[in-house]
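See below for the structure under consideration.
The values are calculated or read from the model by the stated rules, or taken from the named source; none is laboratory data. Just so you know, these numbers come straight off a predicted model, no measurement behind them. Neighbour counts run over all protein chains shown; Cβ positions are idealised from the backbone, glycine included. Ligands, DNA and RNA are stripped out before the accessible areas are found, and what is left, the full protein with its side chains, is counted by its heavy atoms. Shrake-Rupley method; radii C 1.70, N 1.55, O 1.52, S 1.80 Å.
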Amino acid sequence: MKTVLKNIIAHTYKPLLVKYLSTPRVYRANGIRLDIPPEVFHPGFFFSTGLLLQYISKIALDKKTFLELGCGSGLIAISAAKKNAVVTATDINPVAVAALKINSVKNNVVIEIIESDLFCNITGRTFDVIAINPPYYKRQPVNTTDYAWSCGEDGEYFSKLFVTLGGYIHTNTEIIMVLFDGCDIEMIRRFAVENNFILALQHSKKNLLEENFIFQIKQIT
């Protein structure tokens, strides 16, 4: 039944959504207003961002250093900044970076915004909290916008993530990643373990189409 429903949506809802998102849109959530260009991942139509936002909203962030790695629209980063976190947000997509610079001002928050492929352009430092909503699909990105969806044919995004992650955390860093049942979670676990990390499930939520998971990434000591 689930497969049938997905096929129906793929042939009806998805084309309509693609057309709708082909022009700039305004999105509002938790008192935040975002102007979202068509080249940027829209948080309102994908369940992962909402689940991650709910989880982040329950964490004490006052004066904590917070990194949203691959920020897209920047909804998570702005929400954290409104909770008085010291926020850094990165994205490989220059359109996302430019849009977040505008949206952060419009939402009256201060965020350090960096165009970066994962940690490449972040100077050596550690963070108290790192939030990650990664690209899920095992295919090669064809353009900059596609990096929001595609993690490489062999999961290169996750390989690079776990190889470099240890340089940006301290003993008490909380690393939070949202995944869903359509991605290769076992592959991601394998990359984690190879670099002395584990995925610890914290929360999951199902809907008609998919199940989403919140994991804490913990360093093996």
- Message: Just to be sure before I move on: is Tyr136 closer than 20 Å to Leu75 by Cβ and either out of contact with any strand residue (DSSP E or B) (no Cβ under 9 Å at 6 or more places or on another chain) or aromatic (Phe, Trp, Tyr) (or both) in the structure I sent?
- Response: yes
- Message: With the structure loaded, tell me whether Val129 is aliphatic (A, V, I, L, M), in contact (Cβ under 8 Å) with a residue 60 or more places away in the chain, touching a helix residue (DSSP H, G or I) at 6+ places or on another chain (Cβ under 6 Å) and crowded, with 19+ Cβ neighbours inside 10 Å or whether it fails that test.
- Response: no
- Task: Would you tally the residues in segment 108-126 being over 17 Å from the mean Cα position of the chain (by Cα), in contact (Cβ under 8 Å) with a residue 24 or more places away in the chain and open to solvent by 40 Å² or more (accessible area, probe 1.4 Å)?
- Result: 5
- Message: Looking at segment 28-53 only, could you name the residues that are at pLDDT 90 or above, under 16 Å from Ala80 (Cβ atoms) and of a type outside the set (A, V, I, L, M, F, W, C)?
- Response: Gly31, Thr49, Gly50
- Message: Every residue in segment 44-69 that is in contact (Cβ under 8 Å) with a residue 60 or more places away in the chain and in contact with a helix residue (DSSP H, G or I) (Cβ under 7 Å, 6 or more places away or on another chain), please.
- Response: Thr49, Leu52, Ile56, Leu61, Phe66, Glu68
- Query: Only one residue in Val105, Val87 is aliphatic (A, V, I, L, M) and exposed (fewer than 14 other Cβ atoms within 10 Å of the Cβ), so which one is that?
  - Reply: Val105
- Within the group Lys138, Lys160, which residue is under 20 Å from Phe46 (Cβ atoms), touching a residue at least 40 places away in the same chain (Cβ under 8 Å) and basic (Lys, Arg)? Lys138
